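The values are calculated or read from the model by the stated rules, or taken from the named source; none is laboratory data. What you are looking at is a predicted structure, and each value in this text was computed from that prediction instead of being measured. Note that each Cβ is placed from the backbone with ideal geometry, even for glycine, and that neighbours are counted across all protein chains shown. The accessibility values were calculated without ligands, DNA or RNA, using every heavy atom of the protein model including side chains. Shrake-Rupley method; radii C 1.70, N 1.55, O 1.52, S 1.80 Å.
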Amino acid sequence: MTAPAGTPGADPEPPHDPAHPGVTSTTAQPGERAASPAVPASPAVPASPAVPASSASSVGPSFQRMWRELAPLGRSATTGGYRRHAWTPADGDCRAWFREQAAARGLVHEEDRNGNQWAWYGDPRAGGAVVTGSHLDSVPDGGAFDGPLGVVSGFAALDGLRARGAAPAVPLAVVNFTDEEGARFGLACVGSRLTAGGLAPETARALRDAEGVSLATALERAGRDPEAIGPDPERLGRIAAFVELHIEQGRSLVDTGHPVGVASAVWPHGRWRFDFTGEANHAGTTRLDDRRDPMLTYAGTVLDAREQARLAGALATFGKVAVEPNGVNAIPSVVRGWLDSRAPDEPTLDALVTAIERAAAERGRREGVGVRTERESHTPLVEFDHTLRDQLAARLGGAPLLPTGAGHDAGILSGSVPTAMLYVRNPTGVSHAPAEFATEDDCAAGVAALTDVLEGLACR
């Protein structure tokens, strides 16, 4: 196998992404290769997340090299977190990195109609393909492992197969699904939803970010055709199995003693927008009894959601809020809060969200605040393909089966192709934050497990 190209020196004074202060953009000009910038030293920012050099013998040099090249891209110099939002310069850097990895291995690189990237080992048109991979975008100030671990491990597993002399009988591919996190346009898994037909193209084109830029405009600015997006059943019809490796989001594997687990199911989950409408007024002259303050109703609803989730054995989180007019000395006129809710089954999820909506409405009536709710997305319960799931667990020596409350591209695709997931142990359980972590030995175990799985599925 051709070794991936080494990390070039950083360009002097690389441009910055004005939409995301503190994030360095290294998008290459036509005909140039994007450089991997050095992360500015700061005592308040942890070192660039890297697999320690001493572990090279366990994870392998190709994993080391890829992780080192990818680590600086889209990383905030102030927080140490990642801001790789869809169709931004940082996202473009990651996409260029993916193309480089494909080229270094002699793989066929494709970008489909929805912006998903594919690196093919074998004929993409042959059918019966086995695909692995994940995503490279991030939540705001996200961790290094959520998504990229699956993509890097996918390329490393292909390297491992070649090192073993394994001869695939069917095409293999590594994929980078676009906009999995939904950090910019508010809807998760846009690339896989469009491909599987779970998101109407006109709905996707109309999605807008916080600056009012539509997805259609963002695609045009990135040189893509927004009219081309939509279902891709022909592509999915050529895939026999998709296996996504992912950092564990939680810490169940710590209790089992296993470095790698197999996903059993994804809890049903969704996002709801709550609009609380009151009356703007002066913070220093309006008596408390005369106020119609939507912030109070919102705050009470946050507490109600937490209690209702505890009683239901489920999860409810208000993690995003927008305030109008958003002045320190002004009582708000409108507060918008976004609820993320997840539960083990659909009836529990429905009952939980209904209880939260009811509590918000009752508070609003008492406090003179209007309350309106709208469901913005919903993903039903996903049971991963039992045959594929059990085959993976058996091949990995009885790896534990784990359910999860986190959504993934594998879950979106599960209605179209057989899918499965591998989880790599997360010792702290932290995810969607800079402290997200996996040890070098567990990363190595994940690559080895994925290599074994791909060999079993594709090298029959």
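Residues considered: Ala86, Ala126, Ala102, Ala157. Of these, the only one that is open to solvent by 10 Å² or more (accessible area, probe 1.4 Å) and not polar (S, T, N, Q) is Ala126. Whenever a residue of the stretch 102-116 is farther than 21 Å from Gly223 by Cβ and small (Gly, Ala, Ser), its partners that are at pLDDT 95 or above and open to solvent by 10 Å² or more (accessible area, probe 1.4 Å), lying with C-beta atoms within less than 9 angstrom and at least six residues away or across chains, give the pairs Gly106/Tyr121.
For every residue, the table says whether it meets (1) surrounded by fewer than 16 Cβ atoms within 10 Å (Cβ to Cβ); (2) within 30 Å of Gly115 (Cβ to Cβ); (3) at pLDDT 95 or above.
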site: Thr203; (1), (2), (3): yes, yes, yes
site: Asp255; (1), (2), (3): yes, no, no
site: Arg273; (1), (2), (3): no, yes, yes
site: Ala305; (1), (2), (3): no, no, yes
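Looking across the stretch 415-430 at every residue that is open to solvent by 40 Å² or more (accessible area, probe 1.4 Å) and not charged (D, E, K, R), the one that is nearest to Gly237 (Cα to Cα) is identified as Ser416.
Among the residues in the stretch 236-249, are any of a type in the set (Asp, Glu) and open to solvent by 20 Å² or more (accessible area, probe 1.4 Å)? Checked against the condition, which is being of a type in the set (Asp, Glu) and open to solvent by 20 Å² or more (accessible area, probe 1.4 Å), the stretch 236-249 yields no hits at all. In the set Val262, Val353, Val369, only one residue is at pLDDT 95 or above and farther than 21 Å from Gly411 by Cβ; that residue is Val369.
When the stretch 389-401 is limited to residues that are open to solvent by 20 Å² or more (accessible area, probe 1.4 Å) and among the hydrophobic types (A, V, I, L, M, F, W, C), the one that is nearest to Arg271 (Cα to Cα) turns out to be Leu401.
Selection within the stretch 431-445: residues that are charged (D, E, K, R) and open to solvent by less than 40 Å² (accessible area, probe 1.4 Å). The member of this set that is nearest to Gly407 (Cα to Cα) is Glu436. Among the residues of the stretch 390-429, those that are more than 16 Å from Glu181 (Cβ to Cβ), among the hydrophobic types (A, V, I, L, M, F, W, C) and out of contact with any Lys or Arg (no Cβ under 9 Å at 6 or more places or on another chain) comprise Leu392, Ala393, Ala394, Leu396, Ala399, Leu402, Leu413, Val417, Leu422, Val424. Only residues that are in contact with an Asp or Glu (Cβ under 7 Å, 6 or more places away or on another chain) and in a strand (DSSP E or B) were counted in the stretch 270-287, giving 3. For Trp120, the conditions (1) open to solvent by 10 Å² or more (accessible area, probe 1.4 Å); (2) touching a Leu at 6+ places or on another chain (Cβ under 8 Å) are fulfilled apart from (1).
Quick one: is Leu311 among the hydrophobic types (A, V, I, L, M, F, W, C), open to solvent by 80 Å² or more (accessible area, probe 1.4 Å) and modelled with pLDDT of 95 or more?
In short, yes.
Of all positions in the stretch 377-388, none carries a residue that is small (Gly, Ala, Ser) and out of contact with any strand residue (DSSP E or B) (no Cβ under 6 Å at 6 or more places or on another chain). Scanning the stretch 402-414 for residues being buried (at least 20 other Cβ atoms within 10 Å of the Cβ) and outside any loop (DSSP other than H, G, I, E, B) gives a total of 6.
Tell me yes or no: at least one residue of the stretch 245-254 is under 20 Å from Leu187 (Cα atoms), part of a helix (DSSP H, G or I) and touching a Lys or Arg at 6+ places or on another chain (Cβ under 6 Å). Within the stretch 245-254, none of the residues are under 20 Å from Leu187 (Cα atoms), part of a helix (DSSP H, G or I) and touching a Lys or Arg at 6+ places or on another chain (Cβ under 6 Å). Would you mind stating whether Val151 is over 19 Å from Val453 (Cβ atoms), open to solvent by less than 10 Å² (accessible area, probe 1.4 Å), modelled with pLDDT of 95 or more and within 20 Å of the chain's Cα centre (by Cα)? So Val151 does not fit the description; no. So in the stretch 315-347, with the set limited to residues that are crowded, with 17+ Cβ neighbours inside 10 Å and polar (S, T, N, Q), which one is nearest to Gly250 (Cα to Cα)? Out of the qualifying residues, it is Ser341.
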